[in-house]
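Encoded as structure tokens, the structure appears first; notes follow it.
The values are calculated or read from the model by the stated rules, or taken from the named source; none is laboratory data. Predicted model only: the values in this text are computed from it and were never measured. Because the Cβ atoms are built from the backbone with ideal geometry, glycine has one as well, and the counts that use them run over all protein chains shown.
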Amino acid sequence: MCTYLTERVAMAARAKGTPEWLKVTDASVYFDHPADLPAEHSLNIDLLAPAEGPSARVAVELDAAAALGLARAVLEMLASAPEGLLPNEVASAARAHLAGAAR
Amino acid sequence: MYDAMQAETVTIAGHGDDDIEAYLARPLVAGPIGGVVVIHHMPGYDPETKEITRRFAAQGYAAICPNLYSREAPGASPDDAAAAARAAGGVPDDRLVGDVAGAAAALRALSSSNGKVGVIGYCSGGRQAFLAACSLPLQAAVDCYGAFVVNTPPPESPLRVTPLLDRAEQLACPLLGLFGAEDGYPSPEEVAELDRRLSELNKPHEFHSYEGAGHAFFAVNRPSYRPEAAVEGWRRIFAFFGTHLKG
């Protein structure tokens, strides 16, 4: 089933790609100094494939507002996906997070 | 004035006799000249730190910056290497000391060496410069805003480092500390506590904290750069190394 559901998020960010698809096994999420984004701190996400070496990394550096917008968009997508396309506990956890954030 | 210099990537023996990468910059003079080990910041062995290394060479020192992430990420770009090292909890202290010892030995082995070697480090390297100065026979050390010399990293940090205050008694050379008054890591309270402890121990040291500057005020490619603090800081560094490493 194609859902066509999309959340667009405008952001100030940096992203570093690799030429091939990576078999990602780990992610690091941290709020620390960025390597490239012109900010003192940023929310950084590294999608990693350590078995393929340290260069096997897709990295993004997001300013705080962009990170929050992205997190909300992810939760919105999970909460609004048509029933049956994702585990019920994931959808209900996403709805609970959004409801909690709205309070 | 003759001012030619040479800067290149070399291999040196680090901790455990491991081959590690390093960046060596030196004036092409017969000597005798002092040496400086440059400890890079947590974002890694990057072009800006190599520029700092060349700056010491331009000032008449043989300078070397060991790539502290040589083992985790040989040949990787500095940002990928830093991410890998960060995820692994940072550089172990004993390995750092071994790598700085290897770098200092490489400087002293140069035919131009006067046998005197200082160390300088930025950010995480500031703490590591203090650690090296408490562990190795060095002639001068500069700590540029190194955190976790006094305090412990917050529990959520992946950094597995411990405070170094209990090693202050072993500090074996004069220490110059350069800090941002608006920095949180290290905070002004942390800097004051280190200052107090070193004074109690009669360890020669001079600390300067710059108003209007936070962490990483020397980093020319980051918004944290504060030219007034950086220019004054560089002046302090060259005066300090001039006193302790020349001749």
Limited to region B:77-109, what total is found for residues that are surrounded by fewer than 21 Cβ atoms within 10 Å (Cβ to Cβ), without any contact (Cβ under 8 Å) to a residue 12 or more places away in the chain and within 12 Å of chain A (Cβ to nearest Cβ)? 1
All conditions in (1) closer than 27 Å to B:Pro27 by Cβ; (2) more than 14 Å from chain A (Cβ to nearest Cβ) are true of B:Gly125 except (2)
Which one is surrounded by the most Cβ atoms within 10 Å (Cβ to Cβ), of the residues in region B:10-48 that are in contact with a strand residue (DSSP E or B) (Cβ under 6 Å, 6 or more places away or on another chain) and hydroxyl-bearing (Ser, Thr, Tyr)? B:Tyr23
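Check region A:52-63 and report whether any residue there is within 13 Å of chain B (Cβ to nearest Cβ), part of a helix (DSSP H, G or I) and not polar (S, T, N, Q). Reasoning before the result, please.
Going through region A:52-63, the residues within 13 Å of chain B (Cβ to nearest Cβ) turn out to be A:52-61, A:63.
With part of a helix (DSSP H, G or I) added as a condition, the list becomes A:52.
If we keep only those that are not polar (S, T, N, Q) too, we end up with A:52.
Yes - at least one qualifying residue is present in region A:52-63.
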For region B:170-227: of the residues being at pLDDT 95 or above and basic (Lys, Arg), which is farthest from B:Ser135 (Cα to Cα)? B:Arg226
If only one of B:Ser124, B:Ser157 is surrounded by 22 or more Cβ atoms within 10 Å (Cβ to Cβ), hydroxyl-bearing (Ser, Thr, Tyr) and modelled with pLDDT under 95, which one is it? B:Ser124
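Each row is one residue, and each column tells you yes or no for (1) hydrophobic (A, V, I, L, M, F, W, C); (2) free of Cβ contacts under 8 Å to residues at least 12 places away in the same chain.
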position	(1), (2)
B:Ser199	no, yes
B:Asn202	no, yes
B:His205	no, no
B:Ser209	no, no
B:Ala216	yes, no
B:Asn221	no, no
B:Glu228	no, no
B:Ile237	yes, no
Say we look at region B:200-247 and pick out the residues that are of a type in the set (Phe, Trp, Tyr) and within 14 Å of chain A (Cβ to nearest Cβ); which of these is surrounded by the most Cβ atoms within 10 Å (Cβ to Cβ)? B:Phe217
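Would you pick out the residues in region A:18-47 that are facing chain B (nearest Cβ under 7 Å), touching a His at 6+ places or on another chain (Cβ under 9 Å) and either touching a residue at least 24 places away in the same chain (Cβ under 8 Å) or surrounded by fewer than 17 Cβ atoms within 10 Å (Cβ to Cβ) (or both)?
Step one: of region A:18-47, the residues facing chain B (nearest Cβ under 7 Å) are A:28, A:33, A:35, A:38-40, A:46.
Now restrict to residues that are touching a His at 6+ places or on another chain (Cβ under 9 Å): A:33, A:39-40.
Residues satisfying the conditions are A:Ala39, A:Glu40.
Away from every other protein chain (no Cβ under 14 Å) and touching a Leu at 6+ places or on another chain (Cβ under 8 Å), is that true of B:Val38? Don't jump to the end; show me each part of the working.
Numbers: away from every other protein chain (no Cβ under 14 Å): yes; touching a Leu at 6+ places or on another chain (Cβ under 8 Å): no.
For B:Val38, the condition - away from every other protein chain (no Cβ under 14 Å) and touching a Leu at 6+ places or on another chain (Cβ under 8 Å) - is not met.
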